[in-house]
Amino acid sequence: MVSIDGRGDGKSLIRARGLGKTYRRGGEEIHVLQGLNLDVDAGDFVAFMGPSGSGKTTLLNLLGGLDVPSAGSVTVAGDEITRMSGAKLTAWRARHVGFVFQMYNLIPVLTAFQNVELPLLLTGLSKAERHRHVETALAVVGLTDRMRHYPRQLSGGQEQRVGIARAIVADPTFLLCDEPTGDLDRKSADEVLDLLDRLVRDHGKTALMVTHDPLAAARARTVLHLEKGVLVESVAAGNAR
Amino acid sequence: MAIPIVYNVRSLAARWTSTVVAVLGIAGTVGVFVAMLSLARGFEATLVASGSARNAIVRRAGATSEMDSSVMLEQVRVVEDAPGVERGGAGPLVSPEVVVIASFPLRGRGVEGNAQVRGVSLKALTVRPTVKIVAGRAFQPGLTELLVGRNVAASYEGLELGQTVRFGGGTWTVVGVFDSGGTAYDSELWCDYSVLRQVYQRPLNMFQSATARLTSPDALTGFKDALTSDPRVTVQIDREVDYYAKQSRQLTTLITVLGSIIAVVMGIGAVFGALNTMYSAVSERTREIATLRALGFGSGSVVVSFVIESLCIALVGGLLGCVVVLPLNGFTTGTINWQTFSHLAFAFRVTPGLLAMGLAFALLMGFIGGVPPAVRAARAPIASALREL
């Protein structure tokens, strides 16, 4: 269940209230987000669409604790992250958020295995446990046979699947995907979308995705449009189940 | 847990050209730093090793070295009778000595260098048991014969075993070579003091110093107290080791200070090299750093990671600098000992302590060069950095 009217039932996993973000460029104030409300329940798959500069990525950054809002609050699983200090927010991100980036953002000098292992280095898991988790995550994305490969030895689609494995390996509370198929051909994009779809449907993950691609958005259960910093409509996507 | 070091090591390898430049900058600085200090250490060690803890050198009160000292024969007799002096078959082990400077052509340099000529009795070999004759024989008393240190023939022309030289108005023959174990004596020429005094027309009852072999190192206090309170003599007494250590101090300090200044100037250059390498590393990897921070690695982890990366460069540079300078160990060179105005041959001494200092200096450069870029890396706003290309 997703709502944008600020009247959530209080059980939502992610709740934003009066969220605003203003940048100052020269003497001019640019209001990227203004008074935005959002409620997302656990297990939802939400796509944010909108023209360039509409504030999609800014919204994702605020929900993921990568940026701080100029106004309003974000609460995730009962924790108001907009009140957290920098260090606490960093620890919170490690525990609760799995990021998937448009450009994959893999560390080029680390193998697929080592890239996926990175979030686990912040947990108290033993080396053996970490290895087991990494192997499981790579198996979920179908790249067990590529774990010793470096990013340069992988195709774009494979790189993004490694990125998704990295996002899910520490079992975060929710996934934030910023244009996950923006740099991929159709076939690879479909594979990545199938994977996200499966993570939500079979593994009960909550995913929020920014995209320009209507076909990608169509995979989400809910599509929200951002225009000039405001969520303007909530549409049930074509394949909503 | 911190960002894995393999990330830093592989990143350095991936940007090997700028890494090599920074490594070479640090290696050169460490090399010069260690070389200069090993020069000072070698000079100091050569002089300090010349002295024995069991020997006391007696000079005129107020004399800064043997060169401006004088000890009369009557005073030598008082020294011989002083408590604590070792006695052998030939009586008290006290060696009265005369020192002059003579110049000889330095080998392969086309200029002359001053050598210290020490007039001694054969007792000098008993007073200094580390001095061993390694070729030829000792001089015969009453003859113009020379027993030369093992560095003399290598430093000067015409002073090899069997050769004859003229100096001080006499003609001298080199009849023996001695080895004092790498000390200052190895650069000296020894002969009979009575002959030397005659040739140089010195008063026959005058020496410049008297070196006494004591029964034990602890005997110095009693020996010193007895002589300094004796109204017949006005002398100063130093443990031989301290006397040579004092002699070495001026030049050692000069070399150390000069070496440190050069090292600091070069070090500043090397730090800029490291800074440049690390700043470019940070700017090239803006998105990687932002990704790591997005994943949950804190600012502290990022700072530590990049400082470690800089320290890796410094460590490799430091090790390289040490390895390059290591063959200098034992390499013999020479300089003027400004206390005696004579040429002194000595060897570079690259000690483990100096190598450790070199490595510490390298790591300091790496740290200074690593912290500002590391802090910049940790402070960049994550949201915008994630979108950097």
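The values are calculated or read from the model by the stated rules, or taken from the named source; none is laboratory data. Computed from a predicted structure; not experimentally measured. Positions of Cβ are backbone-derived with ideal geometry, glycine not excepted, and every protein chain shown enters the neighbour counts.
Can you confirm whether region B:282-304 contains a residue that is over 30 Å from B:Val148 (Cβ atoms), within 39 Å of the chain's Cα centre (by Cα) and within 14 Å of chain A (Cβ to nearest Cβ)? Quick ask: steps written out before the conclusion?
Residues of region B:282-304 that are over 30 Å from B:Val148 (Cβ atoms), as a first pass: B:282-304.
Cutting the leftovers down to within 39 Å of the chain's Cα centre (by Cα) gives us B:304.
Going one step further and asking which of them are within 14 Å of chain A (Cβ to nearest Cβ), we end up with B:304.
Yes: one or more hits.
What's the number of the condition A:Thr111 fails, among (1) within 11 Å of chain B (Cβ to nearest Cβ); (2) in contact with a helix residue (DSSP H, G or I) (Cβ under 8 Å, 6 or more places away or on another chain)?
(2)
Would you please name the residue that is farthest from B:Thr29 (Cα to Cα), looking only at residues in region B:232-268 that are among the charged types (D, E, K, R) and at pLDDT 85 or above? Write out each step before concluding.
Going residue by residue through region B:232-268, those that are among the charged types (D, E, K, R) are B:232, B:238-240, B:242, B:246, B:249.
So of that shortlist, the ones also at pLDDT 85 or above come out as B:232, B:238-240, B:242.
On the way: B:Arg232: 56, B:Asp238: 39, B:Arg239: 38, B:Glu240: 36, B:Asp242: 33 Å.
Residue satisfying both the conditions and the ranking: B:Arg232.
Could you check how many residues of region A:83-99 are at the interface with another protein chain (Cβ under 9 Å from one of its Cβ atoms) and more than 17 Å from A:Asn61 (Cβ to Cβ)?
Count: 3.
State all residues of region B:191-232 that are within 28 Å of B:Pro141 (Cα to Cα) and hydrophobic (A, V, I, L, M, F, W, C); if no residue qualifies, say none.
Within region B:191-232, B:Cys191, B:Val195, B:Leu196, B:Val199, B:Leu204, B:Met206, B:Phe207, B:Ala210, B:Ala212, B:Leu214 qualify.
Can you name the number of the only condition in (1) within 14 Å of another protein chain (Cβ to nearest Cβ); (2) surrounded by fewer than 16 Cβ atoms within 10 Å (Cβ to Cβ); (3) among the aliphatic types (A, V, I, L, M) that B:Val323 fails?
Going through the list (1) within 14 Å of another protein chain (Cβ to nearest Cβ); (2) surrounded by fewer than 16 Cβ atoms within 10 Å (Cβ to Cβ); (3) among the aliphatic types (A, V, I, L, M), B:Val323 breaks only (1).
Here are some residues: B:Ala35, B:Ala27, B:Ala56. Which one is within 25 Å of B:Arg128 (Cβ to Cβ) and more than 14 Å from every other protein chain (Cβ to nearest Cβ)? Steps first, answer last, please.
On the way: B:Ala35 fails: within 25 Å of B:Arg128 (Cβ to Cβ); B:Ala27 fails: within 25 Å of B:Arg128 (Cβ to Cβ).
Sole residue among the options that is within 25 Å of B:Arg128 (Cβ to Cβ) and more than 14 Å from every other protein chain (Cβ to nearest Cβ): B:Ala56.
Sort out which residues of region A:59-90 are surrounded by fewer than 20 Cβ atoms within 10 Å (Cβ to Cβ) and without any contact (Cβ under 8 Å) to a residue 12 or more places away in the chain, and write them in order of number.
A:Gly78, A:Glu80, A:Arg83, A:Ser85, A:Gly86, A:Ala87, A:Lys88
Cβ-Cβ under 6 Å, sequence separation 6+ or interchain: first residue in region B:2-14 and facing another protein chain (nearest Cβ under 7 Å) and surrounded by 16 or more Cβ atoms within 10 Å (Cβ to Cβ), partner assigned to a loop (DSSP other than H, G, I, E, B) and at pLDDT 85 or above. Which pairs?
Sorted first by the residue in region B:2-14, then by its partner, the pairs are B:Arg10/A:Val109; B:Ser11/A:Val109.
Hey, among A:Leu193, A:Leu154, A:Leu199, which residue is touching a helix residue (DSSP H, G or I) at 6+ places or on another chain (Cβ under 8 Å), surrounded by fewer than 23 Cβ atoms within 10 Å (Cβ to Cβ) and under 25 Å from A:Gly50 (Cβ atoms)? It would help to see each step written out before you state the result.
On the way: A:Leu193 fails: surrounded by fewer than 23 Cβ atoms within 10 Å (Cβ to Cβ); A:Leu154 fails: under 25 Å from A:Gly50 (Cβ atoms).
Going through A:Leu193, A:Leu154, A:Leu199 in turn, the sole match is A:Leu199.
Test each condition in (1) within 14 Å of chain B (Cβ to nearest Cβ); (2) in contact with a strand residue (DSSP E or B) (Cβ under 9 Å, 6 or more places away or on another chain); (3) touching a residue at least 40 places away in the same chain (Cβ under 8 Å); (4) not in a loop (DSSP other than H, G, I, E, B) for A:Gln102 and report the one that comes out false.
Among (1) within 14 Å of chain B (Cβ to nearest Cβ); (2) in contact with a strand residue (DSSP E or B) (Cβ under 9 Å, 6 or more places away or on another chain); (3) touching a residue at least 40 places away in the same chain (Cβ under 8 Å); (4) not in a loop (DSSP other than H, G, I, E, B), A:Gln102 violates only (4).
Just checking, how many residues over region A:39-57 are more than 25 Å from A:Asp197 (Cβ to Cβ) and surrounded by 23 or more Cβ atoms within 10 Å (Cβ to Cβ)?
Number satisfying all stated conditions: 1.
If I filter region A:6-65 down to residues being in a strand (DSSP E or B) and of a type in the set (Asp, Glu), which single residue comes out as modelled with the highest pLDDT?
The qualifying residue modelled with the highest pLDDT is A:Asp39.
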